[in-house]
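What follows is a short report on a single structure.
What follows draws every value from the coordinates through simple rules; no lab data is involved. Note that the structure is predicted; figures quoted are calculated from it, not measured. Virtual Cβ from ideal backbone geometry, glycine too; neighbours counted across all protein chains shown.
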Amino acid sequence: MKPVIETKNLTKTYQMGEVSVKALQGVNLTIDKGEFVAIMGASGSGKSTLMNLLGCLDVQTSGDYLLDGIDVNTLNKNDRAAIRNQKHGFVFQGFNLLARTTALENVELPLIYDRTQRIKKPKEAAAIALERVGLKDRMAHESTQLSGGEQQRVAIARSLVNQPEIIFADEPTGNLDTKTSVDIMALFQKLNEQGLTLIIVTHEPDIAACAKRIIKMQDGQIINDQPGNIRNIIARDIEESA
């Protein structure tokens, strides 16, 4: 079986005036379908840069990136946008929800911008995604009427609505308290058990321990890649905290 993600000597260099900053230095990585991977590292380690490249949000300086066996180097801007819209889901630390807009409308938004109209009933798909994250009874509430944990669940539902193959989450618990963070990670574990490939960036060891594999980065390189501690919290009743 082909890996869903494979990188070979991946590099990324940013030009800051006359200074070149090497954010990634020869990263070799393979991720199989259905994995739950946490990428850890201090600020400036390259973890977010790596996620941006894997998510087709940015382009490498050199090296190879194969996504489902396709050489991403050969894709143009529109091709990469199509991948982001149809194959990837994204969750960010800041939720990125529209204010004065209901949870259902926020989740439905990516489908409205999908020119392929691959999913024929956007509102129905959005409702199903919100049910998956335990927000069946909060669909009509606006963002400002939801708690931080509920807003992050809406963001996760939005990442699910296009039926992605991979979800990328950048510090998804960074703005949440400890209890809510545990609830969100339990939800991620549940989604992974349903077959989704999950890749999260975090600087918190307790959060990374919920993944099945932990990759540690330093100075733009992978310095450790090992199975996670599997802090299995999937047994928690997620609905109870909604």
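Could you give me the radius of gyration and the Dmax of region 101-242, taking only the C-alpha atoms into account and expressing both in angstrom?
For region 101-242, the Cα radius of gyration and maximum Cα-Cα distance read 15.7, 46 Å.
Out of the DSSP beta bridges found with both residues in the chain, what percent are antiparallel (nearest 5)?
Beta bridges within the chain, antiparallel portion: roughly 55 percent.
Over the Cα atoms of the chain, Rg to Rh with Kirkwood Rh, two decimal places?
We get a ratio of 0.96 for the chain.
Using Cα pairs under 8 angstrom and six or more residues apart, how large is the relative contact order of region 1-151, in percent?
Working: 182 pairs, mean separation 29.8, N = 151.
Relative contact order for region 1-151 comes out at 20 percent.
Helix 103-112 versus the longest principal axis of the chain: what is the Cα-based angle in degrees, 0 to 90, to the nearest 10?
Between the helix axis and the principal axis of the chain, the angle is about 50 degrees.
Per residue, how much space in cubic angstrom lies within the convex hull of the C-alpha atoms of region 48-185?
Dividing the Cα hull volume of region 48-185 by its residues yields 114 Å³.
Sticking with the crude label model, points 7 Å out along Cα→Cβ, report the distance from Asp68 to Glu204 in nm, one decimal please.
Taking the simple label geometry, Asp68 and Glu204 are separated by 3.2 nm.
Pulled fully out, how much extra length does the chain show between Gln15 and Lys123, if you take 0.36 nm times their separation in residues and subtract their Cα-Cα distance?
Contour length minus the Cα-Cα distance gives 34.6 nm.
Using the 10 angstrom Cβ neighbour count as an exposure proxy, how do His88, His203 rank, fewest first?
Lowest count first: His203, His88.
Hey, what number do you get for the chain at 222 nm if only DSSP H runs of n ≥ 4 count, each worth -39500 (n - 2.57), divided across all residues, to the nearest 500? Walk me through the numbers on the way to the answer.
Details: 7 runs with 72 residues, N = 242.
It comes out at -9000 deg cm²/dmol, rounded to the nearest 500.
Compute the helix-to-body angle for 122-132: its Cα long axis versus the longest principal axis of the chain, expressed 0 to 90° and rounded to tens.
90 degrees
Local charge sum around Ile215 (other residues, Cβ-Cβ under 9 Å, Lys/Arg +1, Asp/Glu -1)?
With Lys, Arg at +1 and Asp, Glu at -1, the net is +2.
Compute the acute angle (0 to 90°) between the alpha-carbon long axis of helix 77-86 and the principal axis of greatest extent of the alpha-carbon atoms of the chain; round to the nearest 10°.
Roughly 40 degrees, rounded to the nearest 10.
Could you please report the charge total around Gly148, scoring K, R as +1 and D, E as -1 over all other residues with beta-carbon less than 12 angstrom from its beta-carbon?
Neighbourhood net charge equals -1.
Measure up Lys2/Lys216; Lys87/Lys216; Lys33/Lys87; Lys33/Lys121 against 19 Å on the Cα-Cα distance and list the ones that go over.
Values: Lys2/Lys216 24 Å; Lys87/Lys216 25 Å; Lys33/Lys87 13 Å; Lys33/Lys121 27 Å.
Pairs exceeding 19 Å: Lys2/Lys216; Lys87/Lys216; Lys33/Lys121.
Points 7 angstrom from Cα along the Cβ direction at Asn76 and Glu142: gap in nanometres?
4.2 nm
Cα convex hull of region 12-84: how many Å³ per residue? Intermediate values should be presented prior to the final figure.
On the way: hull volume 8.1 nm³, N = 73.
Once divided by residue count, the hull of region 12-84 is 111 Å³.
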